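Since the structure comes first, as structure tokens, the remarks are kept for the end.
The values are calculated or read from the model by the stated rules, or taken from the named source; none is laboratory data. Given the structure is predicted, the values throughout are model-derived calculations rather than measurements. Because the Cβ atoms are built from the backbone with ideal geometry, glycine has one as well, and the counts that use them run over all protein chains shown.
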Amino acid sequence: MPWQNIGIAANYNGRSGYPTPTGILSPTRANGAGTATVYLSPLGDERLPTFHNVDFRLDKSVKYKSAKVTFSADVFNVLNSDIVQSLRLTQNASNANLISSLVAPRVIRFGARLNW
């Protein structure tokens, strides 16, 4: 930045959505063989929405004698996207297709760091 001791930064993260391989869980098999998942479509045919996220940072350093204080402000998820990150994919479960995680909401963090 043209002003002295001011820093600015931004981070963009974009990617295709995670694959969502829906399946059906079999009943417990004999002889302690556990259960098996039968997938309903090939891996990658179904995906979550494309993910886009922007983070931003602004900081200012101030010197006083031998000490330096850096004040900062960070904004995470600037666009406040509520993109789904994962779903419950077992179709014969009572919680099938429920959202199990979302991108965290917009967060603003202020801080100060002292160096001497």
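On the basis of being under 31 Å from the mean Cα position of the chain (by Cα) and surrounded by 11 or more Cβ atoms within 10 Å (Cβ to Cβ), does residue 49 make the cut?
So residue 49 passes the test.
So residue 93 passes all but one of these: (1) under 19 Å from residue 107 (Cα atoms); (2) exposed (fewer than 13 other Cβ atoms within 10 Å of the Cβ); (3) hydrophobic (A, V, I, L, M, F, W, C). Which condition number does it fail?
(1)
When region 68-109 is examined, which residues are found to be in contact (Cβ under 8 Å) with a residue 40 or more places away in the chain, assigned to a strand (DSSP E or B) and of a type outside the set (A, V, I, L, M)?
68, 70, 71, 72, 85, 86, 90 - these are the residues of region 68-109 that are in contact (Cβ under 8 Å) with a residue 40 or more places away in the chain, assigned to a strand (DSSP E or B) and of a type outside the set (A, V, I, L, M).
Quick one: how many residues across region 1-41 are in a loop (DSSP other than H, G, I, E, B), more than 25 Å from the chain's Cα centre (by Cα) and over 30 Å from residue 112 (Cα atoms)?
Count: 8.
All but one of (1) among the hydrophobic types (A, V, I, L, M, F, W, C); (2) closer than 28 Å to residue 10 by Cα; (3) not in a strand (DSSP E or B) hold for residue 62, so report the exception by its number.
That leaves (3) as the condition not met.
Matching residues to (1) basic (Lys, Arg); (2) modelled with pLDDT under 90; (3) surrounded by 11 or more Cβ atoms within 10 Å (Cβ to Cβ):
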| site | (1), (2), (3) |
| --- | --- |
| 23 | no, no, yes |
| 27 | no, yes, no |
| 36 | no, yes, yes |
| 57 | yes, no, yes |
| 64 | no, yes, no |
